[in-house]
Ligand SMILES: C[S@@+](CC[C@H](N)C(=O)[O-])C[C@H]1O[C@@H](n2cnc3c(N)ncnc32)[C@H](O)[C@@H]1O
């Protein structure tokens, strides 16, 4: 899809997006123990997870469509003396060789596509991860109230055009639990959690999915 332009991070209150998520502490420790080194942060935003992983010694690539996100990440990395490779692009086409990474995170950043695009994204993630590599991603659940809103344009049975925090209206792909395995079929599913978060008092449902490339 070419409707995606990446977030305008200069228009966003960056406090929430600066603090690493709690999941990254577990993943960092697990992936360190597994001897993983090459980490890809897909839809890296302003880099809260990239910075954390680089500080722990991982070889980090931060990938995002947003130039303003990369600019903020670059400044933060420079201040901390961390080296992070930033690459601009769309999740649907990853400009990396086969098996370039041991582990990959896509936190609230993978689902900005439609049903066809999501198939491409999954196959690209599979291609760039090495055998035995792991990915951790979040997907928006069809239990999210926005999936059922009739004032939002629907692109297909799973995809709704929805405003983001920076005001842009971009695609959001929603799934149900029983659709996850089919969507991620080249991978083995390690664990799925169904999580309700509250942002400014509004309910928000996601699946947190941990997968492995056989
Ligand atoms: C909600 S933010 C999450 C950022 C980061 N993962 C985090 O947890 O802090 C979503 C990010 O995904 C990026 N993004 C949206 N659509 C994308 C696409 N199709 N390809 C690459 N990045 C995309 C946006 O520019 C934005 O920086």
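Every read-out reported here was derived from the displayed coordinates using simple, explicitly stated rules and does not represent laboratory data. As the structure is a computational prediction, the values presented were derived from the model and not from experiment. Please note: Cβ atoms are built from the backbone with ideal geometry, for glycine as well, and neighbour counts cover all protein chains shown.
Checking every residue in the range 116-124 against the condition of being surrounded by fewer than 20 Cβ atoms within 10 Å (Cβ to Cβ) and over 26 Å from residue 50 (Cα atoms) gives at least one match.
Candidates in the range 105-123 are the residues that are touching a helix residue (DSSP H, G or I) at 6+ places or on another chain (Cβ under 8 Å) and near the ligand (Cβ under 10 Å from one of its atoms); of these, the one that is nearest to residue 58 (Cα to Cα) is 105.
For the range 40-58, a residue qualifies if it is closer than 16 Å to residue 80 by Cβ and touching a strand residue (DSSP E or B) at 6+ places or on another chain (Cβ under 7 Å), and the qualifying residues are 41, 44, 47, 49, 50, 53, 54, 58. Scanning the range 129-168 for residues that are outside any loop (DSSP other than H, G, I, E, B), more than 16 Å from the ligand (Cβ to nearest atom) and free of Cβ contacts under 8 Å to residues at least 40 places away in the same chain gives 147, 148, 154. Criterion first (free of Cβ contacts under 8 Å to residues at least 60 places away in the same chain, within 16 Å of the chain's Cα centre (by Cα) and either part of a helix (DSSP H, G or I) or crowded, with 19+ Cβ neighbours inside 10 Å (or both)) does residue 10 satisfy it? No.
Within the range 31-49, can you find the residues that are more than 12 Å from the ligand (Cβ to nearest atom), in a helix (DSSP H, G or I) and either in contact (Cβ under 8 Å) with a residue 40 or more places away in the chain or within 16 Å of the chain's Cα centre (by Cα) (or both)? Correct list: 31 only.
Restricting 70, 52 to those that are in a helix (DSSP H, G or I) and either farther than 18 Å from residue 137 by Cα or away from the ligand (no atom under 13 Å from the Cβ) (or both) reduces the list to 70. Please work out if residue 126 is under 21 Å from residue 98 (Cβ atoms), away from the ligand (no atom under 16 Å from the Cβ) and in a loop (DSSP other than H, G, I, E, B). So residue 126 does not fit the description; no. Failed condition for residue 26, given (1) part of a helix (DSSP H, G or I); (2) more than 17 Å from the chain's Cα centre (by Cα); (3) surrounded by fewer than 15 Cβ atoms within 10 Å (Cβ to Cβ), with all others met? So the condition that residue 26 fails would be (2).
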